[in-house]
Amino acid sequence: MSSGGTGFRAMRVVYVHGFGGRVVDPKFADALRERGAQLQIRSPVVSYSWRSGWLNRNVTLPEWVEAKADAEKEAERLALAVSKDSTATHLVAFSLGCWLVLHALKDLRTVPDHLRSIFLLGAAVPYDYDLTDIGWHRDVLAINYYSPDIDFVLRRVYARIEGVPAAGVKGFLQGDEGRVPIENLPVRHGHTWRRHRRLADSIFDIVAWREGHRSKKRPNTKQGRVRAGKKYFWDTVFRREGKVIQAHTLFNHARLVDERGGHVRIADAADVLTLMPILFGEASDA
């Protein structure tokens, strides 16, 4: 992954909700806004609303099929919204919203240069979905956060309905094979926005980094080995050249770990943004 630092420029973050989302401004989008306010970055977070059915305990198969069809129909409108101007754009999608986003990218055929990042959470998309007909540009950052252990909605319900594992549980096959530039990164979250809430801070930090923002905080660079029992409550949010940044699932804490040679902690900090310069070898001004 390239650093993508370009200096400050106009940008926007677009959040695409999943099945059953009827709120104009979903809570996850609110969380992204809150992180932006903490960093004093005035960039709009847009909640992209689309007709996606109504989520309830008695949801039926026809309702799910209809919602998927609606997502495919909505793809053209989202593609138009993304491509209508050159504002640096970062897409964040959850669940069936990932299906919508990927169809929009196929409608675009070639991902525009100003579409800088794509983050997929709990992707309700087949793990073997064909992504090779999307024209990926060289600098796009595409991350699929998948939960192999505790997303029971995708593991059980989705797999039973679709007859194939979801990318939100298994990762994208073509990403693992290196055929498309999607990085599959493991997290530990169930299938609700509340479970994914802490990822909002990490995602916004990555977006801020790519648009030239830097933290004024100083990381702790005392190294140490990470024991197996200390890995359970951590999401892997960014990877580069055998090193990963992980964010704690409960507390405001992040760490940079070298996955090679024994899982050694290189540094830790209060947030992801503070660790990015170390990962990319930049000198800290803090």
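The values are calculated or read from the model by the stated rules, or taken from the named source; none is laboratory data. Computed from a predicted model, the values in this text were never measured in an experiment. Reconstructed Cβ throughout: ideal geometry from the backbone, glycine too, with neighbour counts over all protein chains shown.
Could you look through the stretch 201-212, keep only residues that are out of contact with any Asp or Glu (no Cβ under 8 Å at 6 or more places or on another chain) and over 17 Å from residue 42 (Cβ atoms), and pick out the one that is surrounded by the fewest Cβ atoms within 10 Å (Cβ to Cβ)? Per the stated criteria, the residue is 206. Counting only residues that are surrounded by 21 or more Cβ atoms within 10 Å (Cβ to Cβ) and not small (Gly, Ala, Ser), which one in the stretch 142-152 is nearest to residue 110 (Cα to Cα)? Checked the stretch 142-152; the qualifying residue nearest to residue 110 (Cα to Cα) is 143. Here the strands (runs of 3 or more DSSP E) wholly within the stretch 220-278 that include at least 3 residues being buried (at least 17 other Cβ atoms within 10 Å of the Cβ) and either in the same structural domain as residue 204 (by TED's automatic domain parsing) or touching a Pro at 6+ places or on another chain (Cβ under 8 Å) (or both) are 264-269.
Just one residue in the set 190, 122 is over 25 Å from residue 10 (Cβ atoms), touching a His at 6+ places or on another chain (Cβ under 6 Å) and not assigned by TED's automatic domain parsing to the domain that holds residue 233; that residue is 122.
Checked against the criteria, residue 129 counts as surrounded by fewer than 19 Cβ atoms within 10 Å (Cβ to Cβ) and among the hydroxyl-bearing types (Ser, Thr, Tyr). Can you say whether residue 169 is surrounded by 14 or more Cβ atoms within 10 Å (Cβ to Cβ), free of Cβ contacts under 8 Å to residues at least 60 places away in the same chain, in contact with a Ser or Thr (Cβ under 7 Å, 6 or more places away or on another chain) and part of a loop (DSSP other than H, G, I, E, B), as far as the supplied structure shows? No, not satisfied.
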